[in-house]
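The values are calculated or read from the model by the stated rules, or taken from the named source; none is laboratory data. None of these values were measured; they are calculated from a predicted model. Don't worry about glycine lacking a Cβ; one is built from the backbone with ideal geometry, like all the others, and counts go over all protein chains shown.
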Amino acid sequence: MSPFEESQIIETRRQFLSRGKNVLGFAALSSLLGDSMLKGVAAADGPAMPSLPHFAPKAKNIIYLHMVGGPSQMDLYDYKPKMQEMYDKDLPESIRKGQRLTTMTSGQARFPVAPSAFKFSQAGKSGLWMNTQLLPYTAQCVDDICFVRSMHTEAINHEPAIVALQTGNMNTGRPCMCSWASYGLVSLNKNLPTFVVLVATPTNREQEQAISARLWSAGYLPGQHAGVPFRSQGDPILFINNPPGVSSQTRRKMLDGLNALNEMNYKAMGDTETQTRIQQYEMAFRMQASVPELSDLSKEGDNTWKLYGDEAKKPGSFANSALMARRLVERGVRFVQIYHNNWDHHGNLTGRMPSQCKDIDQATYGLINDLKARGLFDETLIIWGGEFGRTIYSQGGLSTTNYGRDHHPRCFTMWMVGGGSKGGTVYGETDEFSYNIVENPVHVRDFHATVLHLLGIDHERFTYKFQGLDQKLTGVEPAQVIKALLA
């Protein structure tokens, strides 16, 4: 028996019932409508959901800057001056309220308060408080930034927390936010992917978290909506160039033959992944011409390097990735995600935080102002944040010059800029310990609903049928668009 015949025999009941040609109703309907119906089913070009956007979008693109590990909110953006008086005093039980702790600090005999060792001051015309010592460049953009200080999540460890922030659920295997957006909105450049991922290398690599393609997966959505990772060394994408002795004409002829075989397989089996494979081969062929020009930074002028800093000349640095993000958006890539690791500050926070901030500070400033100069700022939403926050109490030893902080899901800070977000504002407040939210809580679901809204998408109506359910990025629990974050 051939593998093809065997695959048809051993298919599952769900596969059998999901295949249109095995359903009598579909057969009857197709006999009435003829080939037009089959063509509509097989079509894979154009927008996946022609009804989108639901309303006029404010953002056309997203650049998502994810700080892997959980940045300390009270050392960056959530100023808590009263904590200076609480140095080395125990965190009151009335604040902790018996909340769950990680195993890294649950066994500590005491929970001594560790005030931030860094200088905070008011920045911009809006006078927002932030760490101007380590983020002097970002401080210059504060009037454009919309801070959300009341983010919260149920996840207390990295793996479920980062998966939840990316996909809306702590369980892996679901589509990430940018894959959802890619599925719903048409591509702006047929020669480049809709969604690109860049993994920046931090200067300090003391305590990095593991990340993988599960974070930019399309999950149960069609595979072409997964993020395409671009490498920082060598060819941006493996095997993007033809091997020696193989011309573009030969490659084109080979792809035509391969696509014909895949089309035969798709018509026989009805497997949507076969259509994805065809599209990926075609995209790779078109990228052979577009990617070399994209990745060639030699024509960037002196003003660009002054804006982003000399680090932008180093492949794989955050600054280089930020510059690449601008170039990608400029060429029609809708969604770019940059991962920057080593924000998991269980110890040596004052020794590591300066290098982390130096990695991102000028580059973020450069990205914002570069987008402004090119007329892309109003249509590009930049998101900055990690998967959760940190504790006000110290993990391990405490001194006036150094300390560590454990994971804290009860409150953390994220921010947005451009793309229809309301600059120069702060939404949500935490208590004086930055431990509990006291005003305007924002769940990860609410944040996702708000981002989709800026893209012109109603999160309640944006669904995909999978396993008999209308799946949504925001899930089944209540989620709301935070109107106060919108310009």
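General observations
- Residue pairs meeting the criteria (Cβ under 8 Å; at least 6 apart or on separate chains; first among the basic types (K, R), in the stretch 104-133; second modelled with pLDDT of 95 or more): R110/D90; K119/N131; K119/T132; K119/Q133; K125/D143; K125/G424
- Residue check, A181 small (G, A, S) and buried (at least 22 other Cβ atoms within 10 Å of the Cβ): yes
- If the condition is being surrounded by fewer than 18 Cβ atoms within 10 Å (Cβ to Cβ) and either more than 17 Å from H158 (Cβ to Cβ) or at pLDDT 95 or above (or both), then the stretch 212-228 contributes Y220, G223.
- Candidate set from the stretch 161-192 (those that are β-branched (V, I, T) and out of contact with any Asp or Glu (no Cβ under 6 Å at 6 or more places or on another chain)); member that is modelled with the lowest pLDDT: V186
- Residues that are out of contact with any Ser or Thr (no Cβ under 6 Å at 6 or more places or on another chain) and either aromatic (F, W, Y) or not assigned by TED's automatic domain parsing to the domain that holds D361 (or both), drawn from the stretch 64-102: Y64, Y79, Y87
- For A373, the criteria (1) within 17 Å of the chain's Cα centre (by Cα); (2) surrounded by fewer than 18 Cβ atoms within 10 Å (Cβ to Cβ); (3) of a type in the set (A, V, I, L, M, F, W, C) hold in every case but one, which is (1).
- Every condition in (1) closer than 26 Å to Q467 by Cα; (2) part of a helix (DSSP H, G or I); (3) out of contact with any Phe, Trp or Tyr (no Cβ under 8 Å at 6 or more places or on another chain); (4) not polar (S, T, N, Q) holds for G219 except the one numbered (2).
- Enumeration of residues in the stretch 474-487 that are among the aliphatic types (A, V, I, L, M), assigned to a loop (DSSP other than H, G, I, E, B) and within 23 Å of G428 (Cα to Cα): A479, V481, I482, A487
- Unique residue being touching a residue at least 12 places away in the same chain (Cβ under 8 Å) and outside any helix (DSSP H, G or I) when the list is E263, E300: E300
- Test for E154: is it over 29 Å from D378 (Cβ atoms), touching a residue at least 60 places away in the same chain (Cβ under 8 Å) and surrounded by fewer than 20 Cβ atoms within 10 Å (Cβ to Cβ): yes
- Any chance A109 is of a type outside the set (K, R), assigned by TED's automatic domain parsing to the domain that holds V438 and touching a Ser or Thr at 6+ places or on another chain (Cβ under 7 Å): no
- If you check I383, I457 for being outside any loop (DSSP other than H, G, I, E, B) and modelled with pLDDT of 95 or more, only one passes: I383.
- The listed residues are G351, G386, and the only one of them that is of a type in the set (G, A, S), surrounded by 24 or more Cβ atoms within 10 Å (Cβ to Cβ) and on the phi < 0 side of the Ramachandran plot turns out to be G386.
- In this structure, K80 does satisfy being modelled with pLDDT of 55 or more, surrounded by 10 or more Cβ atoms within 10 Å (Cβ to Cβ) and more than 30 Å from L323 (Cβ to Cβ).
Residues are listed down the side, and each one gets a yes or a no for (1) under 17 Å from W305 (Cβ atoms); (2) assigned to a strand (DSSP E or B); (3) in contact (Cβ under 8 Å) with a residue 60 or more places away in the chain; (4) in contact with a Ser or Thr (Cβ under 8 Å, 6 or more places away or on another chain):
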{"site": "D361", "(1), (2), (3), (4)": "yes, no, yes, yes"}
{"site": "L367", "(1), (2), (3), (4)": "yes, no, yes, no"}
{"site": "L371", "(1), (2), (3), (4)": "yes, no, no, yes"}
{"site": "L376", "(1), (2), (3), (4)": "no, no, yes, no"}
{"site": "E387", "(1), (2), (3), (4)": "no, no, yes, yes"}
{"site": "L398", "(1), (2), (3), (4)": "no, no, yes, no"}
{"site": "N402", "(1), (2), (3), (4)": "no, no, yes, yes"}
{"site": "D406", "(1), (2), (3), (4)": "no, yes, yes, yes"}
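- Hey, T201 closer than 23 Å to R334 by Cβ and either of a type outside the set (A, V, I, L, M, F, W, C) or not assigned by TED's automatic domain parsing to the domain that holds G386 (or both) or not: no
- Checked across the stretch 414-425, the condition of being out of contact with any Phe, Trp or Tyr (no Cβ under 6 Å at 6 or more places or on another chain), at pLDDT 95 or above, of a type outside the set (G, A, S) and under 28 Å from Q471 (Cβ atoms) holds for at least one residue.
- A single member of R149, R214 is part of a helix (DSSP H, G or I) and within 20 Å of G69 (Cβ to Cβ), and it is R214.
- T400, sole failed condition from (1) out of contact with any strand residue (DSSP E or B) (no Cβ under 6 Å at 6 or more places or on another chain); (2) modelled with pLDDT of 95 or more: (2)
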